[in-house]
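Notes follow once the structure below has been shown.
The values are calculated or read from the model by the stated rules, or taken from the named source; none is laboratory data. What you see is a predicted model; the values in this text were computed from it and never measured. We place every Cβ from the backbone using ideal geometry, glycine too, and count neighbours over all the protein chains shown. These area figures cover heavy atoms from the full protein model, side chains too; ligands, DNA and RNA do not enter into them. Shrake-Rupley method; radii C 1.70, N 1.55, O 1.52, S 1.80 Å.
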Amino acid sequence: MPPATLAVLISGSGSTLQNLIDRCADGSLSASIVAVVASRPGISGIERAERAGLRVSVVERKPAETFSDRVFAAVRGSGAGLVILAGWLHLLRIPPDFENRVLNIHPSLLPAFGGPGMYGRHVHEAVLASGATMSGCTVHFADNSYDTGPVLLRREVPVLVGDTPETLAARVQAAECVAYPEAIRRIVQ
Ligand code: GRF
């Protein structure tokens, strides 16, 4: 089986990217990252990519009308077969040639706690406020709205008494580190 070629799209710290870099390097994920696209300069995800010797394209949002086209032009130029949203914060208009080839990971058990405004700490705060006893992460195909699209897999974690948004986020993040490589393996196979 040929390795999957991934374009990883980042907007922030790049911890999801780092996990994929590490899994590709240790051979547990048969894939290679052929492009990293960042939605702004100066984010630490870019430093992580560059440390790993990966080429980074910065595609800024403005002008907004052409943002998706410019992102997918960078992806096409890399020859990537699969687009991995990794802490990517922007809605994309997915072109026909990338339908069912864009994956997202979200730090809750979708459809719960998804949608506009539900990212990062906001998700974990909402989970704790709801009194839910389980949370987790969801890997899904991205479509043209926030956090919808067919689910590939979910991985659950418990919500523990005394959890703060930070402690819950750390537990969910650990689940994400298993779930995303697993989902990519499934797609590739
Ligand atoms: C994680 O919560 C993930 O679920 C979401 O972005 C966060 C990680 O951001 N998609 P980053 O990879 O550290 O930038």
With a cut-off of 20 Å, note down the residues of the range 59-93 whose backbone N falls inside the zone around a label point 7 Å from the Cα of residue 13 toward its beta carbon.
85-90
Spacing of the two label points (7 Å from each Cα toward its C-beta) at residue 26 and residue 154, in nm
2.7
For residue 32, the residues 5 or more places away or on another chain with a placed amide H closer than 5 Å to its own amide H are 4, 5, 6
So what J values fall out for the range 48-59 if you push phi through Karplus, 6.51 cos²θ - 1.76 cosθ + 1.60 with θ = phi - 60°, rounded to Hz, Gly and Pro as x?
4, 4, 5, 4, 8, x, 8, 7, 10, 10, 9, 10
Which Cα, out of 67, 85, 34, lies furthest along the positive dipole direction of the range 1-99 (beta carbon charges, K/R +1, D/E -1)?
67
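Averaging sequence separations of C-alpha pairs under 8 Å and six or more residues apart, then dividing by the length of the chain, give the relative contact order as a whole percent.
Worked out over the chain, it gives 20 percent.
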What's the percent breakdown of Cα-Cα distances in the range 1-99 across 10 Å bins, shortest bin first?
16, 52, 28, 4
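When ligands, DNA and RNA are left out and all protein chains stay put, how many square angstrom of accessible area per residue does the range 1-99 have with a 1.4 Å probe?
Heavy-atom accessible area per residue stands at 46 Å².
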What fraction of the DSSP beta bridges in the chain is antiparallel, stated in percent and rounded to the nearest 5?
40
With every atom except the alpha carbons ignored, what do you get for Rg and Dmax of the chain, in angstroms?
15.9, 48
At 1.4 Å probe size, with the rest of the protein present, what percent of the exposed accessible area of the chain is carbon and sulfur atoms?
55
What does the charge add up to near residue 25, with Lys and Arg as +1, Asp and Glu as -1, over the other residues with Cβ less than 14 Å from its Cβ?
+1
